[in-house]
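Here is the structure we will look at, set down as structure tokens.
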Amino acid sequence: MSNGERAVPVILITGAGGQVGIELTRSMSLLGRVVAVTRTECDLACSEQIESLVNEVRPGLILNAGGYTNVDEAESDRDAAYRVNADAPRTLAHAASKLGALLVHYSTDYVFDGYKACAYTEEDEPNPLSAYGESKLAGERAIREAGGNHYIFRTSWVFGLRGGNFLKSIARAAQTRDSLSVVADQFGAPTSAVLVADVTALAVRAYLRNDRPLESGIYHLAASGETNWYDYSRLIVETLALGGVPVRTAIEQIRSIGAADYPTAARRPANSRLDTSKLRKALGVEFPQWHAGVQDVLLQIAASKDVLQ
Ligand SMILES: NC(=O)c1ccc[n+]([C@@H]2O[C@H](COP(=O)([O-])OP(=O)(O)OC[C@H]3O[C@@H](n4cnc5c(N)ncnc54)[C@H](OP(=O)(O)O)[C@@H]3O)[C@@H](O)[C@H]2O)c1
């Protein structure tokens, strides 16, 4: 290898069947030989399975897209959430460190309590409101304590064409219901799984080429701009109607409510805004506005309505 470039690596993607995992499997295929495993091939709740997978594959990079992501169920299933969100990253981090491999992991805006008046930076102190947020924070800390080379990307409000997410839930509900009530006092940036995967690919490429690689640490990775769930829903329903998808909910029948009027098992932060300047500056790129990614997915839904079935 010349210029300090690393050899073409084996890239192991765990949790490959989720929204981010699917897109990483696509974006990483340009950068190395991808081994993408879902729950069927590796149960992240089982450290022995993780260790034997890593020993067998001997990757140069590990990207962990798996996560216990049911925020409300985590409240009553805390142990299961911790096994996947804290113990698995710890095992992966130690395994990666032993091999000298880079570990890329994803965390969440839900590590914050949402009381800050402006966007959260990587320097802000986490204070999760939920078991999910606590388990994700424990995962971040375990990776840092393992001491190996790592990137932890905190993202927010992820959506994609495949997998379950708010965008698709609203799109489905708008086809069957006359009216919708949606929370208007929680703010953040809907971020497409495609963006998460493409930005990860830029970071991995810089690492592989040894061309101004990111330093190990936490980075905020979210689309630009901000919205709330209510305005987001309006954009979804409006765009679907314009795209010829039959929607039953008229736009004026989308009602804004407060989070207090929509009780859930887990508390969620009112402010999920992430300041992404550290990552944008390090990679020398800008991130697109959140609605660009939303409109892309909605166009694909309009073109292939069975995506919602
Ligand atoms: N979704 C969001 O809004 C959001 C926001 C901020 C951060 N994040 C973080 O981003 C990452 C990716 O999220 P995502 O949106 O892609 O989530 P997702 O679509 O729910 O995917 C998570 C994946 O993890 C897998 N998984 C769960 N438990 C597992 C286990 N025991 N063994 C193996 N695989 C297991 C799931 O498999 P099954 O399909 O078999 O359950 C699923 O494929 C996660 O770390 C998440 O915490 C997500």
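In whole Hz, what ³J(HN,Hα) sequence does the stretch 73-83 give by Karplus (6.51, -1.76, 1.60; θ = phi - 60°), x for Gly and Pro?
Rounded to whole hertz, the list is 5, 4, 4, 9, 10, 4, 4, 5, 4, 5, 4.
Once the piece of chain linking residue 209 and residue 296 is laid out straight, how much longer is it, given 0.36 nm per residue of separation minus the C-alpha distance between them?
28.2 nm
Apply the Karplus parameterisation 6.51 cos²θ - 1.76 cosθ + 1.60, with θ equal to phi minus 60°, to every residue of the stretch 153-164 and state each ³J(HN,Hα) to the nearest whole Hz, in sequence, with x for glycine and proline.
9, 8, 10, 8, 6, 6, 9, x, 5, 9, x, x
Can you give me the angle between helix 290-303 and the longest principal axis of the chain, using Cα atoms only, in degrees from 0 to 90, rounded to the nearest 10?
70 degrees
Measuring from centroid to centroid over Cα atoms, what is the spacing of the stretch 219-256 and the stretch 274-290 in Å?
24 Å
Return one whole number: the accessible area per residue of the chain in Å², for a 1.4 Å probe.
Roughly 45 Å² per residue, with all protein chains present.
Show the residues, 5+ positions off or on another chain, whose built amide H is closer than 5 Å to the amide H of residue 113.
Those lying under 5 Å, H to H, from residue 113 are 127.
Could you run the Karplus curve 6.51 cos²θ - 1.76 cosθ + 1.60 with θ = phi - 60° over the stretch 170-183 and give me ³J(HN,Hα) per residue in whole Hz, x for Gly and Pro?
The phi angles translate into 5, 4, 5, 4, 5, 7, 10, 10, 6, 9, 9, 10, 9, 5 Hz.
Binning at 10 Å from 0, report for the stretch 83-129 what percent of all alpha-carbon pair distances ends up in each bin.
Going out from 0 Å in 10 Å bins, the stretch 83-129 shows 22, 38, 29, 10, 0 percent.
Helix 193-209 against the longest principal axis of the chain: what's the angle in degrees, Cα atoms only, rounded to the nearest 10?
Tilt of helix 193-209: around 20 degrees.
In units of 2.2 N^0.38 Å, what is the alpha-carbon radius of gyration of the chain?
Relative to the rule-of-thumb radius for its length, the chain sits at 1.00.
So, in Å, what gap is there between the alpha-carbon centers of the stretch 152-200 and the stretch 6-33?
About 22 Å separates the Cα centre of the stretch 152-200 from the one of the stretch 6-33.
What percentage of the solvent-accessible surface of the chain, computed with a 1.4 Å probe over protein heavy atoms, is contributed by carbon and sulfur atoms?
Of the solvent-accessible surface of the chain, carbon and sulfur hold 47 percent.
Mind listing the long-range amide H neighbours of residue 254? Cut-off is under 5 Å, sequence gap 5 or more, other chains count too, H placed in the peptide plane at 1.01 Å from N.
Those lying under 5 Å, H to H, from residue 254 are 180.
Please find, in a Gaussian network model of the chain (springs between Cα atoms separated by less than 10 Å), the residue of 294, 247, 57 whose mean-square fluctuation is greatest.
Checking each option, the largest mean-square fluctuation is seen for 57.
Suppose every K and R has +1 on its Cβ and every D and E has -1 on its Cβ; what is the size of the dipole of the stretch 80-233 about the Cα centre, in Debye to the nearest 20?
Here the stretch 80-233 has a charge dipole of around 700 debye.
Modelled label-to-label distance, residue 41 and residue 238, 7 Å Cα→beta-carbon offset: nm?
Roughly 4.3 nm, to one decimal.
What's the Cα-based Rg to Rh of the stretch 51-169, Rh via Kirkwood?
Taking Rh as the inverse mean 1/r over Cα pairs, Rg/Rh reads 0.99.
Percent of Cα-Cα pairs per 5 Å bin, from 0 to the last occupied bin, for the stretch 161-309, please list those.
2, 9, 17, 18, 17, 15, 10, 7, 4, 2, 0
Using the Kirkwood radius built from alpha carbon pairs, what does the Stokes-Einstein equation give as D for the stretch 130-238 at 25 °C and 0.890 mPa s, in µm² per second?
Answer from the Stokes-Einstein relation: 151 µm²/s.
For the chain, with only Lys/Arg (+1) and Asp/Glu (-1) charged at the beta-carbon, what is the dipole magnitude about the Cα centre, in debye rounded to 20?
Computed charge dipole of the chain: roughly 660 debye.
Taking the simple approach of a point 7 Å from Cα along Cα-to-Cβ for both residue 176 and residue 49, what is their distance in nm?
3.1 nm
Based on the Kirkwood radius over alpha-carbon pairs, what value in µm²/s does the Stokes-Einstein equation return for the translational diffusion coefficient of the stretch 1-125 at 37 °C and 0.692 mPa s?
208 µm²/s
Assuming R0 = 25 Å, can you tell me the calculated FRET efficiency for the pair residue 141 and residue 56, based on Cβ-Cβ distance, to the nearest 0.05?
So the FRET efficiency works out to roughly 0.35.
Applying a 10 Å radius around every beta-carbon, put 92-103, 163-174 in order of their mean neighbour count, most first.
Ranking the peptides 92-103, 163-174 by packing returns 92-103, 163-174.
Computed over the Cα atoms, what is the radius of gyration of the stretch 197-268 divided by 2.2 N^0.38 Å, N being its residue count?
Taking the Cα Rg and dividing by 2.2 N^0.38 Å, one obtains 1.76.
Suppose only helical runs count, i.e. DSSP H with n ≥ 4. What mean residue ellipticity at 222 nm does that imply for the chain under -39500 (n - 2.57) per run, divided by all residues and rounded to the nearest 500 deg cm²/dmol?
-11500 deg cm²/dmol
From the C-alpha coordinates alone, can you work out the Kirkwood hydrodynamic radius of the stretch 114-175, in Å?
14.6 Å
The values are calculated or read from the model by the stated rules, or taken from the named source; none is laboratory data. Computed from a predicted model, the values in this text were never measured in an experiment. Backbone-built Cβ (ideal geometry, glycine too); neighbour counts: all protein chains shown. We work out accessible area using only protein heavy atoms, side chains counted, and drop any ligands, DNA or RNA first. Shrake-Rupley method; radii C 1.70, N 1.55, O 1.52, S 1.80 Å.
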